[in-house]
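The values are calculated or read from the model by the stated rules, or taken from the named source; none is laboratory data. Values in this document were obtained by computation on a predicted structure and should not be read as measured data. Neighbour counts run over all protein chains shown; Cβ positions are idealised from the backbone, glycine included. Just the protein is used for accessible areas: all its heavy atoms, side chains included, with ligands, DNA and RNA removed. Shrake-Rupley method; radii C 1.70, N 1.55, O 1.52, S 1.80 Å.
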Amino acid sequence: MTIAAILGGKGGDVVSVECDTSVREAVSRLAQNRIGAVPVTRDGRVVGIMSERDIIYCLERAGPEVLDMTVEKVMTAPAITVSPNVPILAALSQMSARRIRHLPVVEGERLVGIVSIGDLVAYRIARIEEEAEAMRAYIQSA
């Protein structure tokens with residue numbers, strides 16, 4: 001099972017922002033789309049990621065003026081990314097080790113999706129439940 005399987009189910013639509021977008025505008029996009037992070041791009045390449053945590057830490061440090069800064073000053077860079085052919089368990093392991101909740105998915109340098117730790121866990125649980133049901137059916141038929 002790879003990241004491509006998850007993207008196949010959820011689609012490749014990604015809300016992203018350019019480096020020169022204001023934090024205020026990015027916050028608005030996060031809220032409107034009910035998401036926790038956005039990949040940050042420059043000329044179509046992922047150069048960072050901005051999460052709710054990045055915003056909170058900067059607000060605590062710099063105050064409300066951070067809302068008028070550009071995303072480039074607030075984002076985490078470089079972004080840790082994953083390709084569609086990476087196994088789900090490898091991506092989960094990477095997210096746990098690095099304590100991150102979102103992974104932009106890139107093919108070459110092109111952004112093709114984003115997965116959250118919730119996406120990966122939900123997919124993994126669904127597969128485990130399917131395997132358990134298949135095992136029960138097999139045992140009952142014997």
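Answer yes if at least one residue in the stretch 110-123 is over 18 Å from the mean Cα position of the chain (by Cα) and among the acidic types (Asp, Glu), and no otherwise. Please lay out each step first, then the result.
Filtering the stretch 110-123 for residues over 18 Å from the mean Cα position of the chain (by Cα) gives none.
No, the stretch 110-123 contains no residue that is over 18 Å from the mean Cα position of the chain (by Cα) and among the acidic types (Asp, Glu).
A single entry from Leu30, Leu67, Leu92 fulfils the requirement of being under 23 Å from Met1 (Cβ atoms), surrounded by 14 or more Cβ atoms within 10 Å (Cβ to Cβ) and free of Cβ contacts under 8 Å to residues at least 60 places away in the same chain: Leu92.
Applying the selection to the stretch 124-140, what residues are open to solvent by less than 90 Å² (accessible area, probe 1.4 Å), over 17 Å from the mean Cα position of the chain (by Cα) and of a type outside the set (A, V, I, L, M)? Can you show your working first?
Narrowing the stretch 124-140 to residues open to solvent by less than 90 Å² (accessible area, probe 1.4 Å): 124-128, 132, 134, 137.
When the remaining residues are screened for being over 17 Å from the mean Cα position of the chain (by Cα), the result is 125-128, 132, 134, 137.
Within the stretch 124-140, just Arg127 meets the criteria.
Contact map, the stretch 106-131: residues that are part of a helix (DSSP H, G or I) paired with residues that are acidic (Asp, Glu) and open to solvent by less than 40 Å² (accessible area, probe 1.4 Å), Cβ distance under 9 Å, separation 6+ or inter-chain. No pairs are found.
From the list Val14, Val47, the one residue that fits, being at pLDDT 95 or above, open to solvent by 10 Å² or more (accessible area, probe 1.4 Å) and aliphatic (A, V, I, L, M), is Val47. Of all positions in the stretch 111-134, at least one carries a residue that is over 21 Å from Lys10 (Cα atoms) and of a type in the set (Asp, Glu). So, Ser116, is that one polar (S, T, N, Q), out of contact with any Phe, Trp or Tyr (no Cβ under 8 Å at 6 or more places or on another chain) and open to solvent by 50 Å² or more (accessible area, probe 1.4 Å) or not? So Ser116 fails the test.
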